[in-house]
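J.: Sharing a structure with you now.
The values are calculated or read from the model by the stated rules, or taken from the named source; none is laboratory data. Computed from a predicted structure; not experimentally measured. Backbone-built Cβ (ideal geometry, glycine too); neighbour counts: all protein chains shown. These area figures cover heavy atoms from the full protein model, side chains too; ligands, DNA and RNA do not enter into them. Shrake-Rupley method; radii C 1.70, N 1.55, O 1.52, S 1.80 Å.
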Amino acid sequence: NPYAGLVSHLRAAWLSGKTRPMEYRVAQLEALGRFLEEKKEDILEATASDMGKPSFEAYFTEILLCKNELNDTLNNLSHWMKDEHVDKNLVTRLDSAFIRKDPYGVVLIIAPWNYPIHLLLVPLIGAIAAGNCVVVKPSETSKNTERLLAEMLSCYLDNDCFAVVTAGVEETTRLLENKFDYIFFTGTPSVGRIIMTAAAKHLTPVTLELGGKNPCYVSDTCDVQNVARRVAWGRFFNAGQTCIAPDYILCSVEMQEKLMPALREAITEFFGSNPRESPDFGRIVGDKQFRRVRALLCSGRVAIGGQTDERERYIAPTVLADVLPSDPAMQEEIFGPILPIVVVANVDEAIDFINARPRPLAIYAFSCDSKVVNQVLERTSSGGFCGNDTLMHVTLTSLPFGGIGRCTGLGMYHGRFTFDTFTHHRGCLHRNMGLEALNALRYPPYSQQKLGLLSAAFEIKRRGMCTLL
């Protein structure tokens, strides 16, 4: 296997204990911070070359949010690493019971192309913080960013413990044949199944951050202009190539009529009368992806936008009206600048529509009535939820981010949750060598008297219940 030597080298470094001291972890995390600062212009240039990503969007998502993750981790790492002492029973009262935060070992992180820096560095930050050695594989689709990461990360990180692998499908298949102690994958459900199958051969634990069709319910009682701006921003950010973007709107016929002019106004406000000429609107990452997204334009009727240019891989910010559940745009995650509107009668029908489909990565609900927002929250299930806005829940390192179910994945990360994802929580009990008389109750020969005393010493009673003596 072409990667066996690399994995063995990293495993030897991990077994040496090099990555365990907090000082080492902090030094590597600070090196990542220098990479983000010193290569800022290179990152902006690479992401612009790969997918026309506006520098504003690239700085916000690929640099600022990564720095937030990094600083949150550095601010809290000493606390996260500490042993966590736990409750004890009567028998172990004089002993030490605690959870030790151990690294898994050698872990693999496979990143996607849509946020090629952010979705690689954020899990990497947690993996380093937890004390692991790491192989990272950036996406080959975003070629310029892949090249930047391959050439530059090795200049900042310890090459004995961290490696960047550039690989296509065939090479990644060979990479996955190696035994890793944890695999973290962000991408499509179809590839997620391949990752999980490969991991199963070694019983390797995984986190799968996948996609999904994120519904956005808009009630009849809301500020239409604010809804239009917030939804248009979330849908057309990064040219719609965001896994948590609102994938479709659910609303009444009356609200659809109100939303159309408001969405048109918001799109013009953001990108001008001709978004193709706007420096603030990106492009589809590749020809294959462009053709797939363009084919979805046949759904419903094009109410706003719809223009395309294959040479530039440009698809205008588009809104589709009167879309049917059977239309192509409702059969797969759109992952492009197209926003379908599906008409429902009321919030109950919207909730039934959502619950009849695989659980999404995010659900959005807009209403001036907080009871309506809470109704959507309480009666649905999703990876995350955001009321009266889009995307913003993922900017908080204090909230977990992850999917739930067959389309959106499993596991979670961000902030403390990333550290926990790459950490084995090791249950430990350190007993006193003396006081052997306390152990006599558990030793043969057994008796009912011993069992009664043992039960009294080990039993956990429900709070609020009393025992009659």
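J.: What number goes with the only condition from (1) free of Cβ contacts under 8 Å to residues at least 40 places away in the same chain; (2) farther than 26 Å from T421 by Cα that E23 does not pass?
T.: Here E23 clears every test but (2).
J.: Just wondering, is there one or more residues in segment 38-49 that are among the β-branched types (V, I, T), open to solvent by less than 20 Å² (accessible area, probe 1.4 Å), at pLDDT 95 or above and part of a helix (DSSP H, G or I)? Explain how you work it out, then say what you get.
T.: Step one: list which residues in segment 38-49 are among the β-branched types (V, I, T), which gives 43, 47.
Now narrow it down to the ones that are open to solvent by less than 20 Å² (accessible area, probe 1.4 Å): 43, 47.
Filter again for at pLDDT 95 or above, leaving 43, 47.
Narrowing further to those that are part of a helix (DSSP H, G or I): 43, 47.
The answer is yes, given that some residue of segment 38-49 is among the β-branched types (V, I, T), open to solvent by less than 20 Å² (accessible area, probe 1.4 Å), at pLDDT 95 or above and part of a helix (DSSP H, G or I).
J.: Can you give me the number of residues within segment 136-160 that are assigned to a strand (DSSP E or B) and aromatic (F, W, Y)? Reasoning before the result, please.
T.: Step one: of segment 136-160, the residues assigned to a strand (DSSP E or B) are 136-137.
Then drop every residue that is not aromatic (F, W, Y), which leaves none.
The total comes to 0.
J.: Name the single residue that is surrounded by the fewest Cβ atoms within 10 Å (Cβ to Cβ) among those in segment 307-324 being farther than 24 Å from S252 by Cβ and either among the small types (G, A, S) or out of contact with any Ser or Thr (no Cβ under 7 Å at 6 or more places or on another chain) (or both).
T.: Filtering segment 307-324 for residues farther than 24 Å from S252 by Cβ gives 307-316.
The next check asks that each one be either among the small types (G, A, S) or out of contact with any Ser or Thr (no Cβ under 7 Å at 6 or more places or on another chain) (or both); those that pass are 307-313, 316.
Numbers: Q307: 14, T308: 18, D309: 12, E310: 12, R311: 7, E312: 12, R313: 21, A316: 21.
Ranking the qualifying residues of segment 307-324, first place goes to R311.
J.: Filter segment 244-278 down to the residues that are closer than 24 Å to T141 by Cβ and assigned to a loop (DSSP other than H, G, I, E, B) and list them by number.
T.: First, the residues of segment 244-278 that are closer than 24 Å to T141 by Cβ: 244-247, 275-276, 278.
I244, A245, P246, D247, S278 - these are the residues of segment 244-278 that are closer than 24 Å to T141 by Cβ and assigned to a loop (DSSP other than H, G, I, E, B).
Yes/no matrix, rows are residues, columns are (1) closer than 16 Å to G52 by Cβ; (2) part of a helix (DSSP H, G or I); (3) within 30 Å of the chain's Cα centre (by Cα):
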{"position": "T242", "(1), (2), (3)": "yes, no, yes"}
{"position": "D280", "(1), (2), (3)": "yes, no, yes"}
{"position": "A295", "(1), (2), (3)": "no, yes, yes"}
{"position": "V302", "(1), (2), (3)": "no, no, no"}
{"position": "P325", "(1), (2), (3)": "no, no, yes"}
{"position": "D348", "(1), (2), (3)": "no, yes, yes"}
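J.: Also, I was wondering about something else. Being open to solvent by 20 Å² or more (accessible area, probe 1.4 Å) and modelled with pLDDT of 95 or more narrows it down to one residue among C133, C155; which is it?
T.: Values: C133 fails: open to solvent by 20 Å² or more (accessible area, probe 1.4 Å).
After applying the criteria, what remains is C155.
J.: OK, next. For segment 437-469, name all the residues that are within 16 Å of D95 (Cβ to Cβ) and either at pLDDT 85 or above or assigned by the TED database to the domain that holds N89 (or both).
T.: Across segment 437-469, the qualifying residues are N439, L441, R442, A457, F458.
J.: State yes or no: is P103 at pLDDT 95 or above, touching a strand residue (DSSP E or B) at 6+ places or on another chain (Cβ under 9 Å), over 17 Å from T242 (Cβ atoms) and of a type outside the set (A, V, I, L, M, F, W, C)? Talk me through it step by step, then tell me what you get.
T.: Details: at pLDDT 95 or above: yes; touching a strand residue (DSSP E or B) at 6+ places or on another chain (Cβ under 9 Å): yes; over 17 Å from T242 (Cβ atoms): yes; of a type outside the set (A, V, I, L, M, F, W, C): yes.
Yes.
J.: Return yes or no: is L65 touching a helix residue (DSSP H, G or I) at 6+ places or on another chain (Cβ under 9 Å), open to solvent by 10 Å² or more (accessible area, probe 1.4 Å), in contact (Cβ under 8 Å) with a residue 24 or more places away in the chain and not in a loop (DSSP other than H, G, I, E, B)?
T.: Details: touching a helix residue (DSSP H, G or I) at 6+ places or on another chain (Cβ under 9 Å): yes; open to solvent by 10 Å² or more (accessible area, probe 1.4 Å): yes; in contact (Cβ under 8 Å) with a residue 24 or more places away in the chain: yes; not in a loop (DSSP other than H, G, I, E, B): yes.
Answer is yes for this residue.
J.: What number of residues in segment 415-449 are touching an Asp or Glu at 6+ places or on another chain (Cβ under 7 Å), surrounded by 10 or more Cβ atoms within 10 Å (Cβ to Cβ) and not polar (S, T, N, Q)?
T.: 5
J.: Something else now. Going by the conditions given, is R431 in contact with a Pro (Cβ under 9 Å, 6 or more places away or on another chain), touching a residue at least 24 places away in the same chain (Cβ under 8 Å) and among the charged types (D, E, K, R)? Reasoning before the result, please.
T.: Numbers: in contact with a Pro (Cβ under 9 Å, 6 or more places away or on another chain): no; touching a residue at least 24 places away in the same chain (Cβ under 8 Å): yes; among the charged types (D, E, K, R): yes.
Answer is no for this residue.
J.: Of the conditions (1) surrounded by 14 or more Cβ atoms within 10 Å (Cβ to Cβ); (2) under 25 Å from the mean Cα position of the chain (by Cα); (3) not small (G, A, S), R357 clears all except one; give me its number.
T.: (1)
J.: Within the group A199, A239, A167, which residue is open to solvent by less than 10 Å² (accessible area, probe 1.4 Å), among the small types (G, A, S) and within 30 Å of F270 (Cα to Cα)?
T.: Working: A199 fails: within 30 Å of F270 (Cα to Cα); A167 fails: within 30 Å of F270 (Cα to Cα).
Within the list A199, A239, A167, the selection yields A239.
J.: Of all residues being β-branched (V, I, T) and touching a Lys or Arg at 6+ places or on another chain (Cβ under 9 Å) in segment 84-124, which is nearest to G17 (Cα to Cα)? Just the residue, please. Break it down into steps so the answer makes sense when it comes.
T.: Looking only at segment 84-124, we keep the residues that are β-branched (V, I, T), and these are 86, 91-92, 99, 106-107, 109-110, 117, 122.
Imposing the further condition that a residue be touching a Lys or Arg at 6+ places or on another chain (Cβ under 9 Å) reduces the set to 91-92, 99, 106, 109-110.
Values: V91: 34, T92: 31, I99: 19, V106: 12, I109: 21, I110: 24 Å.
Checked segment 84-124; the qualifying residue nearest to G17 (Cα to Cα) is V106.
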